[in-house]
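All remarks here apply to the structure that follows.
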Amino acid sequence: MEHYIQTPLNREDILRLKIGDIVYINGEIFTARDEAHMRAIEFMSEGKELPVEFNRGVVYHCGPLMKMEGGKWVAVSAGPTTSARMNKLAPKILEKVEVMAIIGKGGMSREVIEALKGKGVYLAYTGGAGALAAQTIKKVKAHHWEDLGMPEAIWIFEVENFGPLIVGIDAHGNSLYEGINKEVEENFKKIIESL
Amino acid sequence: MVEYEQVVNTVYDLFYRAETSLSEDVVRALKNAYENEENPVAKSNLEAILKNIDASGKLKVPMCQDTGLPVIFVDIGRELCIDFDLKGAIIEGVKKATKEIPLRPNAVHPLTRKNPGNNIGMHIPQINVDLVEGDSLKLTVMPKGGGSENVSAMKMMLPSQVDQIPKFVVEVVKNAGGKPCPPIFLGIGIGSTFDGAAKLAKKALLRDVSVMDEYETKILEAVNKLGIGPMGLGGDITALAVLVELGHCHTASLPVAVNIQCWANRKASAILK
């Protein structure tokens, strides 16, 4: 099933999604990788104000390649990064929000699946499809924490039909990856015996 | 006579070519995968990959935002005379490529994580020199992505474990799952030393991916029975090629290194005289 979702997110829109569904996002998304997650968690624990709103937001695991053109930042190539690096970090953010979506690649751990229950989804984008993704980024609205370097800074993008994204983890504890990983483990045992 | 400026511009050109297009053998392997894959989610991911390669070439922008860490191979012919700072010229070429293509500044200090912003740092660009026959200078660039590098592995196996090598490779791929952006290419170094095996594995990735021997084909077939599929979302095609390079090793050793490469197996070479 295909869904077109507008930001800021509504809980009902998110709860409706099922693993394997196709999603396109319209509105605003922001990038955050390892360093931005760590700083955001630090700010949250110290009660400092964050430059972006995680609640009802769409967090994109992406370290974009950006270029300054005529005094404005442009996203040149902006595909997803490996989400598993944020496995320990994402739950600490998810516990502070009511609804949130994550876009990335490769899937996330059981801990994250639990943390997403009742409030969020994980959306998979084709890894490496940076040039394709950049075409749906209509505007770079702002960027923060520039001192972290271009890939690790937070970049806020205005997007139009950003996708196709595949619902990898839904808000009800289901993960497309877990099913596949189980099959892969079983296949692995058979391969090892045959070699 | 090879000159400084020529090396600077060639390094820039090679990065431009590698970042915005894939070599014919790699594109063919991806197209074959798209045609043969039956799983619909897997097929849609392969379609996005092919569309992305097309967009990258048309828009003249890097196909992936992870424009890689600059890895460079230099083959110096024995009859060639170089009377300038070759290392300096390569560094200048990487700086130019980073600024003008542009490339994402990926190189950071390993402990402070500070980013100098130009892909230049301690031992980066990584320059691998080989002394060869002839009178020319061959430059090869391989922008290497972080996701696939992170799940690469090496093991000092025992001389009695030669028959266990394919199992080790399959296990490395299983553990990598969807993280390295499958369908992947596997560079495997067997023999040499601890570091030498890893170097052979990386060099193997420069080969034509459509040419495999019986041993390599056997490992590829085993890997593809895992069912990881494109992007780890399931499917028949997890790897597109297995490329093995051998080196003599110590009689007490069997080093084995598996260097995983994402579908964007970026490589470009030029020969200067």
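Consider A:MET44 carefully, then state whether it is over 13 Å from the mean Cα position of the chain (by Cα) and either among the hydroxyl-bearing types (Ser, Thr, Tyr) or in a helix (DSSP H, G or I) (or both). In short, yes. One residue stands out among those in segment B:120-135 that are out of contact with any Gly (no Cβ under 8 Å at 6 or more places or on another chain) and part of a strand (DSSP E or B): the one that is farthest from B:PRO110 (Cα to Cα), which is B:LEU131. For A:GLU98, the conditions (1) acidic (Asp, Glu); (2) modelled with pLDDT under 95; (3) closer than 30 Å to A:LEU15 by Cβ are fulfilled apart from (2). Residues of segment B:64-111 that are within 11 Å of chain A (Cβ to nearest Cβ) and charged (D, E, K, R): B:ASP66, B:LYS99, B:GLU100, B:ARG104.
Each row is one residue, and each column tells you yes or no for (1) within 14 Å of chain B (Cβ to nearest Cβ); (2) in a loop (DSSP other than H, G, I, E, B); (3) in contact with a helix residue (DSSP H, G or I) (Cβ under 7 Å, 6 or more places away or on another chain).
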residue	(1), (2), (3)
A:VAL112	no, no, yes
A:ALA115	no, no, yes
A:GLY118	no, yes, no
A:VAL121	no, no, yes
A:GLY127	yes, yes, yes
A:LYS139	no, no, no
A:PRO151	yes, yes, no
A:TRP155	yes, no, no
A:VAL159	no, no, no
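Whether a residue is closer than 26 Å to B:ASN265 by Cβ and either assigned to a loop (DSSP other than H, G, I, E, B) or touching a strand residue (DSSP E or B) at 6+ places or on another chain (Cβ under 7 Å) (or both) was assessed, and B:THR112 does not pass this test. Of the residues B:ALA42, B:ALA55, B:ALA29, which single one is outside the structural domain of B:HIS123 (by TED's automatic domain parsing), within 24 Å of B:ASP236 (Cβ to Cβ), over 19 Å from the mean Cα position of the chain (by Cα) and assigned to a helix (DSSP H, G or I)? The match here is B:ALA42.
Quick one: is B:LYS167 of a type outside the set (A, V, I, L, M, F, W, C) and modelled with pLDDT under 95? No: the conditions fail for B:LYS167. Of the residues that sit in segment A:93-110 and are over 10 Å from the mean Cα position of the chain (by Cα) and of a type in the set (D, E, K, R), which one is nearest to the other protein chains (Cβ to nearest Cβ)? Filtering segment A:93-110 for residues that are over 10 Å from the mean Cα position of the chain (by Cα) and of a type in the set (D, E, K, R), the one nearest to the other protein chains (Cβ to nearest Cβ) comes out as A:ARG110.
Tell me, yes or no, whether segment B:89-102 has at least one residue that is buried (at least 16 other Cβ atoms within 10 Å of the Cβ), outside the structural domain of B:GLY229 (by TED's automatic domain parsing) and in a loop (DSSP other than H, G, I, E, B).
Yes; the residues of segment B:89-102 include at least one that is buried (at least 16 other Cβ atoms within 10 Å of the Cβ), outside the structural domain of B:GLY229 (by TED's automatic domain parsing) and in a loop (DSSP other than H, G, I, E, B).
Going through (1) buried (at least 19 other Cβ atoms within 10 Å of the Cβ); (2) under 30 Å from A:GLY168 (Cβ atoms) one by one, B:LYS203 falls short only on (2). Scanning segment A:62-92 for residues that are surrounded by 16 or more Cβ atoms within 10 Å (Cβ to Cβ), more than 14 Å from every other protein chain (Cβ to nearest Cβ) and either assigned to a loop (DSSP other than H, G, I, E, B) or over 18 Å from the mean Cα position of the chain (by Cα) (or both) yields a count of 1.
Being touching a residue at least 12 places away in the same chain (Cβ under 8 Å), buried (at least 21 other Cβ atoms within 10 Å of the Cβ) and part of a helix (DSSP H, G or I) narrows it down to one residue among B:VAL172, B:VAL141, B:VAL162; which is it?
Exactly one of B:VAL172, B:VAL141, B:VAL162 is touching a residue at least 12 places away in the same chain (Cβ under 8 Å), buried (at least 21 other Cβ atoms within 10 Å of the Cβ) and part of a helix (DSSP H, G or I), namely B:VAL172.
Number of residues in segment B:28-73 that are free of Cβ contacts under 8 Å to residues at least 40 places away in the same chain, of a type in the set (Gly, Ala, Ser) and crowded, with 24+ Cβ neighbours inside 10 Å: the value is 1.
Exactly one residue out of B:GLY147, B:GLY134 is buried (at least 17 other Cβ atoms within 10 Å of the Cβ) and in contact with a strand residue (DSSP E or B) (Cβ under 8 Å, 6 or more places away or on another chain), and it is B:GLY147. If you go through segment A:22-34 one residue at a time, do you hit one that is within 18 Å of A:SER175 (Cβ to Cβ), in contact with a Pro (Cβ under 9 Å, 6 or more places away or on another chain) and of a type in the set (S, T, N, Q)? For segment A:22-34, residues within 18 Å of A:SER175 (Cβ to Cβ), in contact with a Pro (Cβ under 9 Å, 6 or more places away or on another chain) and of a type in the set (S, T, N, Q): absent.
From the list A:VAL121, A:VAL59, A:VAL112, A:VAL52, pick out the single residue that is in contact (Cβ under 8 Å) with a residue 40 or more places away in the chain, of a type in the set (A, V, I, L, M), crowded, with 23+ Cβ neighbours inside 10 Å and within 13 Å of A:THR31 (Cα to Cα).
The conditions single out A:VAL59.
The values are calculated or read from the model by the stated rules, or taken from the named source; none is laboratory data. What you see is a predicted model; the values in this text were computed from it and never measured. Don't worry about glycine lacking a Cβ; one is built from the backbone with ideal geometry, like all the others, and counts go over all protein chains shown.
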